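Here, each number is a calculation from the coordinates, and none is a lab measurement. Values in this document were obtained by computation on a predicted structure and should not be read as measured data. When we count neighbours, we look across all protein chains shown, and the Cβ atoms used for this are built from the backbone with ideal geometry, even at glycine.
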Amino acid sequence: MRAARFLGAPVGRVRPAAEGFSRKRSGARPGPLPFVSSCGDRMNGYAPLILVVVLALITPAMLLVVSSLLGAKRTERTKGEPYECGIPQPAPPRRAVPVKYYLVAVLFLLFDVEAVFLYPWAVVYRRLGLFGFVEMAVFLAMLVAGLVYVWKRGALEWD
Amino acid sequence: MSPPLFGPDILRALLPFIVVAVGATLTTLLGAWRTRLGLAAAVAVLAVAVLALRGAPESVRAWEGALVLDRFSLVFMALLLGAAFFTLFLSEPVLRREGRVRAEYYGLLLFSLSGMFLLVSTTNLLMIFLALELLSIPLYVLCGYAREDDRSIEAAMKYFVLGSFSSAIFLFGAALLFGATGTIDLAAMHGGDRLLGAAGVLLLLVGFFFKAAAVPFHMWAPDVYDGAPTPIASFMATAVKIATFGLLLRVLSFAFAAEAHPAAAFLDREAAEPALRWIAILTMSVGNLSALTQNNVKRMLAYSSIAHAGYLFLGLIPGSGAVDGAGVTYYLVAYLFMTSGAFAVIAALSAREGGREVLTVDRFAGVGYRRPFLGLAMTIFLVSLAGIPPTAGFFGKYLLFRGAIDRGLTGLVVIAVLNSALSLYYYLRVVVFFYMKETDRPAAIDDALGFRLAMIAALAGVLWIGFMPDLFGLPGIPSLLGWVQASVSSLP
C-alpha cells in the first residue's frame, strides 16, 4: 500500500484523510463517502455550517438594528475622534513612522518565524537521520546567507 | 517496488535547478560586496546552467511527479535560458543608463528563472504552486525596480495584488482537485468526484491563464508591461509566457490524453474544449483590437503579446486529434526571437525624460534613417510578429494553423488569420513612423553594445528560421523541427 501510494497509484475513491485508517482496516472495502454519493446528500453534511453562517449574519445585523432603534443618539465632537476613551489625543495620528520599523518587522518574520521550523526537526531528529540533517543544513545555509546579506547591507543598524 | 528516494541520476537531474538557485543566492549576496559584478555573476551562472542542462539525464521522474525531467522540460529550459540571456543583454545598458546597477537585480532575475525551470519540469500540484510563486515574487520586485517612477511602482503593485489573488485561486483549485482525486500528482490522477474535480480544474486553469495573460484574465498585462523597466517587460513577455505555455501544454496534454490514459478522466473534454476555443478567440481578438489604438509602442507590444498568446491557444485545443505540442513549442521559439528583438529596439529608444519613459510612436519618426541597422532590425521583427515570410513568425504561425486545420478547427484558424491581417496595421504603423514621418523632437537613441548584441542574435534567429524553417538542418546539427517534435514525444 505504501509503495503503491508513493508511486502515485490511484487509491480508489478513498477520501485522502481516511487513507491512514483504511490501511488498518485491511479487508474492509472503502465504500463511497456519505457526502460524495449524490449531490443532495452532499449538502446534508454542510447543513450545520450553513446554520452557523446564517446565525453569524443575523446576530450582528440584529444587534445593529436593535441598538439603532432603541439607543439614544447624542452627537458630540469627542465622539468623532478616532480613539474614543475620553483622553484628548496629544498629536495628530497621521504622522510619518520611521521605515526602520517596517524593516525590523520583515527581518523578524524572516529569522524568528522561520526558526520555528527548527523545533519540529529537533523532535524527530533521530528518525530523520542523515537526510533530515542535510535538508536542515541547506535550510539553515539559506537563512545564514540572508542574515549575512542584511548584516552587510547595514539593515541591522538602527542609525 | 518503490523508486529510490535519491540517487546519482536524480542528483544529476537536479543539478540545473541547484545551479540556478544557488547562483541566484550568491549573485544576490554579491550585492553586499561587489554589486557591479552582478552581470558577470549572472552570465557565469547561466553558462554553468547550460553545462548542467547538457549533462542532465533525459528521463527522470521522482517524488510523486515533483521532479519530472524529460526531453520536453529540457527543451523548455533551454528556451528559458535563451530568454534569460536576452534579458541580461538588455538589462545592463538600461541599468547603467539609469544609474541602478545592482547585483540584486540579477539575483532576482535568476530566482525567477529557477521558478520557471521548476514550472516546466513538474506534474505535482504543490510543486507547480511553489514554482509559480518562485517565478512571480522576484518579478513583483523587479517590476517596481525603477523606484522613482510612479508607473513602475504602480505596475509592481498591480502585478502583486492580482498575481497573489490568482495564486490563491490556483491553490484553491489544487485543494479541490486533491479532494476529488486523492493525489496531487497530475500524472496519477484518475477518476474521482466529478463535480469537485471539474471545479478544481477550472480554478487551476484560471490561475494559469492569469499568468499567460489570456483574455479575460489579461487586464494587468498592459499596465504592468508599460510600467516595468523594459528588460523586465521583455522577460515577462518571453520567459514567463514560455514557462506558462510549457506548463499548460503539459497539464492539458494530460487532461486531453487518449482515453486509455487514466489521467484523461479528470477534465470533462466536452466542457473544456468550447471554453478553450472561446478563450483563444477572445485572447487574439481583444489583444489585436486593443493594440490597434495604442500610441505607446511598449503598450502596443504588451497587447501584441496577448494576441500571440491567443494564437498559441490554437495549439492547446485538441479538436479531433491531440494537443499540438510541437506547433506550440515551435511558435514559442520563433516568438522568443522576434519579441526579444522588438523589446531590444524599444529598450534602445526608451531613455527617460524627466523620470518617465516616453515611448509614443510619433517620437520615433525618422529613426530608420538615423540608425539604418536599428530601423531594419525593427522592421524585420515587426514583420515577423505579423507573420509575413520569410521570417520566423510566418513559419511559427504556419505550423500552428496547419496543425489546427488538420484537427478540424478551420473556423478558429479563419479568425486567427483575420486577426493576423489586422495586426499588420499596428505593426507596420511603427515602420511608417520609422521611415516616412518627421518630428522636431526626435527620440534619443542609445547605442549600447548590449542592445546591438541582442538585436543581432534575435535577427539571426528570426531570419535563420525564416529562410530555413527546419533550422539547423545541417549535418551533425539536429533540426529544429525534429528537436521540437522529439521534445513533445515525452508528453502523454
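The angle separating the long axis of helix B:241-255 from the principal Cα axis of greatest extent in chain B is about 20 degrees. With a ≥ b ≥ c taken as the square roots of the eigenvalues of the C-alpha gyration tensor of segment B:102-188, please select rounded if a/c is under 1.5 and otherwise prolate if a/b is larger than b/c or oblate if it is not? Oblate. Fully extending the segment from residue B:445 to residue B:26 would add 147.4 nm, taking 0.36 nm per residue of separation and subtracting the current Cα-Cα distance.
Cα gyration tensor of segment A:99-152, axes a ≥ b ≥ c as square roots of the eigenvalues: rounded (a/c below 1.5), prolate (a/b > b/c) or oblate? Verdict is oblate for segment A:99-152. When the inverse distances between all different Cα atoms of chain B are averaged and flipped, the Kirkwood radius reads 22.5 angstrom.
Taking 0.36 nm per residue of separation and subtracting the current Cα-Cα distance, fully stretching the chain between residue A:61 and residue A:152 would add 27.3 nm.
Backbone geometry of segment B:318-332 corresponds, through the Karplus equation with coefficients 6.51, -1.76 and 1.60 at θ = phi - 60°, to 3J(HN,Hα) couplings of x, x, 8, x, 10, 4, 8, x, 5, x, 5, 5, 4, 4, 5 Hz, x marking Gly and Pro. Across the protein assembly as shown, Cα-Cα pairs more than 48 Å apart make up 22 percent of the total. Helix B:38-54 and the long axis of chain B differ in direction by around 40°, with both axes built from C-alpha atoms. Here the label points at residue B:369 and residue B:437, each 7 Å from Cα along the C-beta direction, are separated by 1.5 nm in the simple model. Exposure proxy ranking for B:120, A:106, based on other Cβ atoms within 10 angstrom of each Cβ and starting from the fewest, stands as A:106, B:120. Residue exposure proxy: B:226, B:446, ordered by other Cβ atoms within 10 angstrom of their Cβ from fewest to most, comes out as B:446, B:226. Each residue of segment A:105-116 is assigned a 3J(HN,Hα), and the resulting list reads 4, 5, 5, 4, 4, 4, 9, 7, 5, 6, 5, 4 Hz, derived from the Karplus form 6.51 cos²θ - 1.76 cosθ + 1.60 (θ = phi - 60°), x at Gly and Pro. My understanding is that a pair violates if its Cα-Cα distance is over 31 Å; which of A:100/B:158; B:298/B:437; B:158/B:437 do that in this structure? As for pairs spanning more than 31 Å Cα to Cα, those are B:158/B:437.
Taking every residue in B:179-192 and counting other chain Cβ atoms within 10 Å of its Cβ, the average works out to 4. Taking other C-beta atoms within 10 Å as the exposure proxy, B:313, B:395, A:133 rank A:133, B:395, B:313 from fewest upward. A simple spin-label model places pseudo-atoms 7 Å from Cα toward Cβ; at residue B:165 and residue B:428 they are separated by 3.9 nm.
Helix B:150-181 versus the longest principal axis of chain B: what angle, 0 to 90°, nearest 10, using Cα atoms? Helix B:150-181 sits at roughly 10 degrees to that axis. The residue A:121 and residue B:486 beta-carbon pair, evaluated with R₀ = 51 Å, returns a calculated FRET efficiency of approximately 0.75.
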